[in-house]
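Asks: This is the structure I have questions about; it appears just below.
The values are calculated or read from the model by the stated rules, or taken from the named source; none is laboratory data. Just so it is clear, the model here is predicted, and its values are computed rather than measured. Cβ coordinates were reconstructed from backbone atoms using ideal geometry, including for glycine residues, and neighbour counts include every protein chain displayed. Accessible surface is based on the protein model in full, side chains and every heavy atom, while ligands, DNA and RNA are left aside. Shrake-Rupley method; radii C 1.70, N 1.55, O 1.52, S 1.80 Å.
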Amino acid sequence: MDFKLIKSPTEGTKRALIKRMGIEGKEAIENVDAIGLMQGKLIEMIYAIDVAEKAAGVIVEDIKGTCPQHMTSIAILGDTASVESAIEEIKIKMKEGKGL
């Protein structure tokens, strides 16, 4: 899995993500301080969504698009501390290989 954290995303970054998340993502992304981006296998991303939403007060959106390697991407949206906490919890749970 790949992880990236964007602190204080620009309006251009938000616009690019809205195009890939669809109209439902527009409201979710408007007032966020940070965006965590993750890419991996579909099963890992579904699990990561569950972990992130249980671990911290974040919203998670699917990023639509095509990847030749059949990878799926998600955006974890919220304040910086919550997004960082969600990403760390995902890393821990994935390493442990345990469900919630």
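Asks: Using θ = phi - 60° and the Karplus form 6.51 cos²θ - 1.76 cosθ + 1.60, what ³J(HN,Hα) does each residue of region 85-97 get, whole Hz, x for Gly and Pro?
Replies: For region 85-97, the Karplus-derived couplings read 5, 4, 5, 5, 5, 4, 4, 5, 5, 5, 5, 6, x Hz, x marking Gly and Pro.
Asks: Hey, what do the phi angles of region 46-59 turn into as Karplus ³J(HN,Hα) couplings, whole Hz, using 6.51/-1.76/1.60 and θ = phi - 60°, x for Gly and Pro?
Replies: Residue by residue, region 46-59 yields 5, 4, 4, 4, 4, 4, 4, 5, 7, 7, 8, x, 10, 10 Hz.
Asks: Specify the residue with the greatest mean-square fluctuation among Ile46, Ile59, Ile35, computed from a Gaussian network of the chain linking alpha-carbon atoms under 10 Å apart.
Replies: Greatest mean-square fluctuation among the candidates belongs to Ile46.
Asks: Along its principal axes, what span do the Cα atoms of the chain show, with the longest given first and each in whole Å?
Replies: 36, 33, 20
Asks: Give me the 1.4 Å probe accessible area per residue for the chain, excluding ligands and nucleic acids, in Å².
Replies: 60
Asks: Based on Cβ point charges of +1 for Lys and Arg and -1 for Asp and Glu, what charge dipole magnitude is obtained for the chain about its Cα centre, in debye rounded to the nearest 20?
Replies: Dipole magnitude for the chain comes out near 340 debye.
Asks: What GluC sites (Glu not before Pro) does region 27-100 have in DSSP loop regions with at most 12 other beta carbons within 10 Å?
Replies: Answer in residue order: Glu30.
Asks: Among Gly12, Gly36, Gly57, which one shows the highest mean-square fluctuation when the chain is modelled as a Gaussian network with alpha-carbon springs under 10 Å?
Replies: Gly12
Asks: Shifting gears a bit: Under the Karplus relation 6.51 cos²θ - 1.76 cosθ + 1.60, θ = phi - 60°, what is the ordered set of whole-Hz ³J(HN,Hα) values for region 3-8, x standing for Gly and Pro?
Replies: 10, 9, 10, 10, 8, 6
Asks: If you average the sequence gap of Cα pairs under 8 Å that are 6 or more apart and divide by the length of the chain, what percent do you get for the contact order?
Replies: 31
Asks: Report, in deg cm²/dmol and to the nearest 500, the calculated mean residue ellipticity at 222 nm for the chain, where each DSSP H run with n ≥ 4 adds -39500 (n - 2.57) and the sum is divided by the residue count.
Replies: The helix-only estimate for the chain comes to -15500 deg cm²/dmol at 222 nm.
Asks: I've got another one for you. Roughly to the nearest percent, how much of the accessible area of the chain is carbon and sulfur, given a 1.4 Å probe?
Replies: About 52 percent, which is the carbon plus sulfur part of the accessible surface.
Asks: Given a 10 angstrom Cα cut-off, can you work out which residue in Ala16, Ala75, Ala28 is the most mobile in a GNM of the chain?
Replies: Ala16
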